[in-house]
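Here is the structure we will look at.
The values are calculated or read from the model by the stated rules, or taken from the named source; none is laboratory data. What you see is a predicted model, and the numbers here were worked out from it, not measured in a lab. Reconstructed Cβ throughout: ideal geometry from the backbone, glycine too, with neighbour counts over all protein chains shown.
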Amino acid sequence: MNQLIQAATHGDILKLTAPECILVVTALVALAVSFAFNGRMEALRLSRTLSWLSILGLGLASGVLLFNQPAGDVLGGLFYTNDACRMVKLGIAALGAASIWLHMGNQRPFPHQGEFHALLLLAMVGMFLLVGADHLLMIFVALELTALSLYILTGFEKSKPVATQTALKYFLIGGVSAAFVLYGFSLIYGMTGYLSLSDIQVALTGKPTDPLLAMGLVMSLIGFGFKIAAAPFHMWAPDVYQVAPTPVASLIASASKVAGFFVLGRFLWGGFGGFEGSIHGWHWSAGWMVVLGLLACLSMIIGNLAALKQSNIRRLLAYSAVAHSGYALLGILSPSSSGPASAAFYMITYGVSIIGVFGLLHVLSQNGQASDWRALEGLRHRSPWLAACFMLLVLSMAGIPPLIGFLGKFNLFISALKTSGNPLGLILLVALALGASAVSLYYYLGMLKAAFCKDATQTGTIEANGYQISLIITTALITILLGVFPGTLLARFMEAFAS
Amino acid sequence: MIGLEQYLIVSALLFSLGMMGVILRRNLIVIYMGLELMLNAANLALVSFSRFTDTIDGQVMVFFVITVAAAEVAVGLALIVALYRKRQTTEVGDLTSLKL
């Protein structure tokens, strides 16, 4: 299982990229099935069949990842796999499967289900490739594959009045950021002569910082900032979270961000390990740490403050997601291997809780309520079980022990604080993050207050089908069970990233 | 003698022009043209770096970028057409139903 393959033949390449290949084939099969049965099968049944098919594909891919995946790389680092990649890909596959599960709760599926599932799967392929990329070309292509699929998916419900407009906004902002990434990559290539990250690392050791190289680095960081929705590149997030179909919004909020964080860590530490600069004491030296620290700082402040005044819950979640990106950037900033490990762990567990909350919002909007604060009012009377799950999920996002959100944050902050020499900049950032979490309690608890203390404006129990209930209950159970018994999973994460 | 610097200056100019187009113009199609200009500026930089550092990687990357840009055209124009069908406009000034 752990033999190292330097892929030379097509067989080797196929072995290393088996999960991605399975997903691509599943996407094509989904298209073929919808083409063959469209009109001959009832829409709901067709949609469910396609969802089961996609989940099956994701399951197969996860099985390969779990049991039969060798480590190695293809064509000198164009694509690589190791334990850390596998863990993160498993997380992404789980989050993607949960998003599709969420889609299965849809009683009235919108048209073009085949394309919808194929695009979801292709977006997941893009994320998988992003996780396995060790090469600027591959990073760019994978980023675009993910993004292009997500643009279409965002505007998929064309009957919604603002769907296309939101997709276009997402597309334009994303396109500009892609151009920035590409220009940055071209400068990096020009200054080093290499596109592969490990070659760049070698070429750069012991060289002084070139201004053009620094520019290239900053321009690429702008693009990555867009991907992980870090302030000030988060402008697309609130609209997309609000308007995109719920499964798509939850995929963008969870899996796509996990992949973004992983590749950001890989890009910075694997390619520019000597260029981090420092944020020690008051004498900061130039490097990407300063830029990233600034992004983290802005994300935490802007995300939390903007979330305070939102009336739409989905927009509120988007701004709070910006703040969460800010916390997770602390993990990328800490030089030990436990930093990126805890960032990835944090984003995956955060993804679990946000998918649960999206599931609940979807149930509420199916019951005829817009997703503003009033939708939550009296949830306790209308459905005690859903209200209890909602409480667990929201408290986990707020970081209350013993839930998983607390543990994830705790790990992030500890890994930032354990950095040798205790750089003052990092300590200040952790202090800011603690303050920001306290601010975030205001709106998280506000949501709970609406659900538990206010009387219902609407009466009657909440209708939800088995798919939705099982998703919400499972995510809530995961937040509490992982929070109480995190041991093995967390340890495996740390171990995988350490090697 | 035209050297690397001249190519880079042209590509930086193209990139800035594209960026200005995206920020200043009010028609979605023109904005989109600005976006393409930015991508092609990066392509020019990649090719000239490839030529002057005597490596082939940059040129290979440009092929991929051109392909990706073509895919982006497909998605972008499809979105613009879908929007036009719904709202009969391609001016961003008319699209105000999304607040910040």
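Please go through the stretch A:142-156 and give me each residue that is of a type outside the set (Ser, Thr, Tyr), out of contact with any His (no Cβ under 9 Å at 6 or more places or on another chain) and more than 7 Å from chain B (Cβ to nearest Cβ), ordered by number.
Passing the criteria: A:142, A:143, A:145, A:147, A:150, A:153.
So which residues in the stretch A:182-203 are aliphatic (A, V, I, L, M), crowded, with 24+ Cβ neighbours inside 10 Å and at the interface with chain B (Cβ under 10 Å from one of its Cβ atoms)?
Once the filter is applied, which keeps residues that are aliphatic (A, V, I, L, M), crowded, with 24+ Cβ neighbours inside 10 Å and at the interface with chain B (Cβ under 10 Å from one of its Cβ atoms), the stretch A:182-203 yields A:182, A:187, A:188, A:195.
Name the residues in the stretch A:157-181 that are facing chain B (nearest Cβ under 9 Å) and basic (Lys, Arg), would you?
Selection gives A:158, A:169.
Can you tell me which residues in the stretch A:204-244 are in a loop (DSSP other than H, G, I, E, B), surrounded by fewer than 24 Cβ atoms within 10 Å (Cβ to Cβ) and more than 14 Å from every other protein chain (Cβ to nearest Cβ)?
A:205, A:206, A:207, A:208, A:209
Just give me the residues in the stretch A:394-446 being charged (D, E, K, R) and surrounded by 15 or more Cβ atoms within 10 Å (Cβ to Cβ), in sequence order.
If the condition is that a residue be charged (D, E, K, R) and surrounded by 15 or more Cβ atoms within 10 Å (Cβ to Cβ), then A:409 is the only one that fits.
Out of the helices (runs of 4 or more DSSP H) lying entirely within the stretch A:372-441, which hold 2 or more residues that are in contact with a strand residue (DSSP E or B) (Cβ under 6 Å, 6 or more places away or on another chain) and modelled with pLDDT of 90 or more?
It comes to none.
Against the condition crowded, with 17+ Cβ neighbours inside 10 Å and more than 9 Å from every other protein chain (Cβ to nearest Cβ), how does residue B:90 come out, does it pass?
yes
Among all residue pairs at least 6 apart or on different chains, which show Cβ distances below 8 Å where the first residue, located in the stretch A:388-402, is on the phi < 0 side of the Ramachandran plot and the second is crowded, with 23+ Cβ neighbours inside 10 Å and in a loop (DSSP other than H, G, I, E, B)?
Sorted first by the residue in the stretch A:388-402, then by its partner, the pairs are A:392/A:403; A:395/A:403; A:396/A:403.
What do you reckon, is residue A:11 over 27 Å from residue A:153 (Cβ atoms) and not in a loop (DSSP other than H, G, I, E, B)?
yes
If you check B:74, B:82, which single one turns out to be within 9 Å of chain A (Cβ to nearest Cβ) and surrounded by 14 or more Cβ atoms within 10 Å (Cβ to Cβ)?
Of B:74, B:82, the one residue that is within 9 Å of chain A (Cβ to nearest Cβ) and surrounded by 14 or more Cβ atoms within 10 Å (Cβ to Cβ) is B:82.
Before we move on, is residue A:457 on the phi < 0 side of the Ramachandran plot, touching a helix residue (DSSP H, G or I) at 6+ places or on another chain (Cβ under 6 Å), surrounded by fewer than 18 Cβ atoms within 10 Å (Cβ to Cβ) and of a type in the set (S, T, N, Q)?
Yes.
Within the stretch A:80-100, can one find any residue that is more than 21 Å from the chain's Cα centre (by Cα) and closer than 26 Å to residue A:494 by Cα?
no
From the list A:274, A:260, pick out the single residue that is crowded, with 22+ Cβ neighbours inside 10 Å and touching a residue at least 24 places away in the same chain (Cβ under 8 Å).
Just a single option satisfies the conditions, and that option is A:260.
Within 9 Å of chain A (Cβ to nearest Cβ), assigned to a helix (DSSP H, G or I) and either in contact with a Gly (Cβ under 7 Å, 6 or more places away or on another chain) or not small (Gly, Ala, Ser) (or both): which single residue out of B:13, B:17, B:8 fits that description?
Criteria check complete, one pass: B:8.
Scan the helices (runs of 4 or more DSSP H) fully inside the stretch A:105-201 and keep the ones with 3 or more residues being touching a residue at least 60 places away in the same chain (Cβ under 8 Å) and more than 21 Å from residue B:31 (Cβ to Cβ).
Per the criteria, A:113-131, A:136-154.
Look through the stretch B:61-71, keep the residues that are at the interface with chain A (Cβ under 7 Å from one of its Cβ atoms) and free of Cβ contacts under 8 Å to residues at least 12 places away in the same chain, and return whichever of them is surrounded by the most Cβ atoms within 10 Å (Cβ to Cβ).
B:68
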